[in-house]
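Chemist: Before anything else, here's the structure in question.
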Amino acid sequence: MTLEEILARLDGVTGHDGQYMARCPAHEDKQASLSVSSGKDGRVLIKCQAGCSHKAVMAALGLSERDLFPAKPSGTPKREKPHIVATYAYKDAQGALLAEKLRYSDKHFSWRRPTSGGSWEYKKPPDIVPYNLVALLKNECVYLVEGEKDVDTITAQGLPAVCSPDGAGPGKWRDAFTEWFKGKRVCIIPDNDAVGRAFAQEEASKISKAAQAVKMLDLRTIWPQLPEHGDTTDLAQHMGAREALPALWAWTWQRSSNRKE
């Protein structure tokens, strides 16, 4: 594997010119203690400065020792290097860029934030906000969905939508986000799976303390054959975004009320 391929598997990557630091995947690392560099023979050198064994680090990465060496030329087609397929800009309440969340072709994510010198630091800022925060602040009614892709699908039709930055899962809602929803009318749309629905219930419980109204929308009400893990983007692709999303907006808010639901 190449140095870049291994770096793509790590979080909190910083550095340049073949010398990098990242968070060690073998322990709960908050200091970016994993050294990653390129050796003279092309081999990738990895060492945890906090004391994790080389074997433990490799196991956490799901790699073997041979993966640290460059691939030998052969007639076998090379595996495609993960590349960025989407970039999601996270902006503060004034619209200034805080960070970018990068989605790769192998479906993993990484973060980067701008530095004062005009470059990037591959690290998520601690003061991250909901995605598309400005739309949340400007609109009384808003959709809360599970991921950035669904936010972009909805906003492409001129409708306001937001999501939290960490995906769905127990405890992933940040209490600091709740205040942003004060006085809002919020419709939460979970993905069609148990994790998504459980997280949506957690979001509703938190947001209802500040919002004017909170309701949940099960997309199977609109499309009973929605596949497992299906989402708003799948609905838009199935029905056609220009028809489905304005209809979804009308369906949601015509049936809402001023009470918390």
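The values are calculated or read from the model by the stated rules, or taken from the named source; none is laboratory data. Just so it is clear, the structure is predicted and the values come from calculations on it, not from any experiment. Neighbour counts are summed over all protein chains in view; Cβ atoms, including those assigned to glycine, are modelled from backbone coordinates with ideal geometry. The area values use the complete protein model at the heavy-atom level, side chains included, leaving out ligands, DNA and RNA. Shrake-Rupley method; radii C 1.70, N 1.55, O 1.52, S 1.80 Å.
Chemist: Does the range 96-140 come out rounded, prolate or oblate, given a ≥ b ≥ c as the square roots of the eigenvalues of its C-alpha gyration tensor, rounded meaning a/c under 1.5 and, failing that, prolate meaning a/b above b/c?
Modeler: Here the range 96-140 falls in the oblate category.
Chemist: To continue, here is another question. Less than 17 Å from a label point 7 Å out along the Cα-to-Cβ axis of ARG197: which backbone N atoms in the range 151-186 qualify, by residue?
Modeler: Correct set: 168-170.
Chemist: Calculate what fraction, in whole %, of the accessible area of the range 121-261 sits on carbon and sulfur atoms when a 1.4 Å probe is rolled over the protein chains.
Modeler: Details: 3300 of 6590 Å².
Its accessible area is 50 percent carbon and sulfur atoms.
Chemist: Quick one: go through the range 1-31 and flag any residue whose amide nitrogen is under 15 Å from the point 7 Å out along the Cα-to-Cβ line of SER64.
Modeler: What the label zone holds, given the 15 Å backbone N cut-off, is 1.
Chemist: Checking the a/c ratio against 1.5 first, then a/b against b/c, what shape does the Cα gyration tensor give for the range 1-113? Walk me through the numbers on the way to the answer.
Modeler: Numbers: a/c = 2.20, a/b = 1.36, b/c = 1.62.
Oblate.
Chemist: Now for a separate question. Pick from GLN94, GLN157, GLN201 the residue whose mean-square fluctuation is largest in a GNM of the chain, springs joining Cα atoms under 10 Å.
Modeler: GLN94
Chemist: Using alpha carbon centroids, what distance separates the range 14-45 and the range 94-157, in Å?
Modeler: 26
Chemist: Let me ask you something else. Obtain the nm distance between the two label points defined at ILE222 and LEU97 by a simple spin-label model: each point lies 7 Å from its Cα along the Cα-to-C-beta direction.
Modeler: Modelled inter-label distance: 3.2 nm.
Chemist: What is the list of residues in the range 120-152 whose amide nitrogen lies under 16 Å from a point 7 angstrom out from the Cα of TYR104, following Cα to Cβ?
Modeler: Under cut-off, by backbone N: 122-124.
Chemist: How far apart, in nanometres, would the label points at ARG242 and HIS27 be if each is projected 7 angstrom from Cα along the Cα-to-Cβ direction?
Modeler: 5.8
Chemist: Among TRP120, LEU136, HIS108, flag the residue with its Cα farthest along the positive direction of the charge dipole of the range 100-142, charges on Cβ as +1 for Lys/Arg and -1 for Asp/Glu.
Modeler: Highest projection toward the positive end goes to HIS108.
Chemist: On the protein heavy atoms, probe 1.4 angstrom, tell me the percent of accessible surface of the range 1-99 carried by carbon and sulfur. Walk me through the numbers before you get to the answer.
Modeler: Values: 3190 of 6290 Å².
C and S fraction of accessible area: 51 percent.
Chemist: Okay, next question. Provide, in order from the shortest bin, the percent of all Cα-Cα pairs of the range 177-261 in each 5 Å bin, continuing until the bin that contains the maximum pair distance.
Modeler: Bin by bin from 0 Å, the calculated values are 3, 15, 24, 21, 20, 13, 4, 0.
Chemist: Short version: what are the Cα gyration tensor semi-axes of the range 105-258, square root of 5 times each eigenvalue, largest first, in whole Å?
Modeler: Here the semi-axes work out to 25, 19, 16 Å.
Chemist: Something else about it: Given (i) 16.9, 48; (ii) 22.1, 80; (iii) 21.3, 67, which label gives Rg and Dmax of the Cα atoms in Å as computed from the coordinates?
Modeler: Computed from these coordinates, Rg and Dmax of the Cα atoms in Å corresponds to label (iii).
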